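Accompanying notes for the structure given below.
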Amino acid sequence: MTTVQKSAPAAPPGPPASRNERTAVAPPRPHRRARPAIGSQLFLVLLTVAFLAPVMWALVSAFKPANDIIRAPLSFDPSTFTLDNYIAMFQDVPIGSGFFNTAVVLVFKGAITLFFAPLAAYAFAKYDFIGKNVIFGAVLLTLTLPTIVLIIPLLLEMKQLGWVNTYQALILPGSVDAFAIFWMRQVISAVPDELLDAARVDGCSEFGIFWRVVLPVIRPGLAGLAVLTIMNIYNDFVWPVVIASSERMSTLQVVLSTLAQNITGNRVGADYATVTGELLAASSVALIPLLVLFIALQRHFINGILAGSVKG
């Protein structure tokens, strides 16, 4: 006869374990951020050095004697530190008027771009009207036109208006460009329509919706556009050199392009070393505002690049 072994009765089910008990038994693994490979880090370091080396050389060489820049361009003796290049540059080159004209164009043209480009983009992103896609396609088509193609028609138009060598000619053409409209349309498209509908229910006007609802949401993208706009206006050369032929209306980039001519014209016997030293000094002065601006607004620029890239 076989004996049957009886198993022990199962324990009565107890209350479910609490969250703290489950956590104590099996703690979650901490999320580890993947580190880039050493090769990638080394490549980024070399790329950074390659980009910054010419800038650092120009900044350092501007404080060297003019003859040392030509004789030993890659060396720097702190005992030879001098401000002669800067002093001579400010005497020979009208860089102050160039900065002033650039600042005027930057303030007014930048304000027009940052106000009207988001308005146009808001219409393309959130309104439906006849010919919307055709008009937006025509706007994007202007991006394919080379700048040189538009210079002659714009110059003739400015001449008919009597705006040659005026701030109007420097500011108005190209104030609202296709890239700014396209950029802001992509950002505004990510704004939920429910926010706009809620504002309409509350009795907000259409412009009030843009000003009070849309504008605060798209602030990162607008900051990124502001940085790009400032850089483009500050570095613009082709149109100012065509429309502002007088020294009184020359912007900073035009002044820098004629720097060697101004130095040799204002100083008898100016040699190549003198021109090079003052050119480096002027380039360093022109570089500092953009460098400070980018460092100060770097976080906003990166956030603006990423704004609107993911729609949720």
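Any read-out appearing in this document is the output of simple, stated calculations on the displayed coordinates, not a laboratory observation. Worth saying up front: this structure is predicted, and the values here are computed from it rather than measured. Using ideal geometry, Cβ is built from the backbone for each residue, glycine included, and neighbour counts are taken over all protein chains shown.
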Item to complete: Please work out, to two decimal places, the log10 of the ratio I(q)/I(0) at q = 0.29 Å⁻¹ from a Debye calculation in which every Cα of the range 202-258 carries one identical scatterer.
Response: -1.08
Discussion item. What distance in nm lies between label points placed 7 Å from Cα along the C-beta direction at Val134 and Ser257?
Written reply: 3.9 nm
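Could you pull out the chymotrypsin sites (Phe, Trp or Tyr not before Pro) across the range 53-133 that fall in loop regions by DSSP (anything but H, G, I, E, B) with no more than 13 other Cβ atoms inside 10 Å? Don't jump to the answer; show the numbers that get you there.
On the way: sites: Trp57, Phe63, Phe76, Phe81, Tyr86, Phe90, Phe99, Phe100, Phe108, Phe115, Phe116, Tyr122, Phe124, Tyr127, Phe129; in loops: Phe63, Phe76, Phe81, Tyr127, Phe129.
Here the sparse-neighbourhood loop sites are Phe81, Tyr127, Phe129.
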Fill in: the range 89-306 - percent relative contact order, Cα under 8 Å, separation 6 or more
36 percent
Practice prompt. Enter the Cα centre distance for the pair the range 174-249 and the range 59-113, rounded to the nearest angstrom.
Written response: 32 Å
Discussion item. Need one number: nm distance between label points at Val55 and Thr142, each 7 Å from Cα along Cα→Cβ, rounded to one decimal.
Written reply: 3.1 nm
Item to complete: Arrange Thr229, Thr166 by Cβ neighbour counts within 10 Å, fewest through most, would you?
Response: Thr166, Thr229
Worksheet item: Which ³J(HN,Hα) values in Hz, rounded to whole numbers, follow from the phi angles of the range 154-159 under the Karplus curve 6.51 cos²θ - 1.76 cosθ + 1.60, where θ = phi - 60° and Gly and Pro get x?
Response: 5, 5, 5, 5, 5, 5
Response to the item:
Cα-only Rg/Rh for the range 89-306 with Kirkwood Rh rounds to 1.07
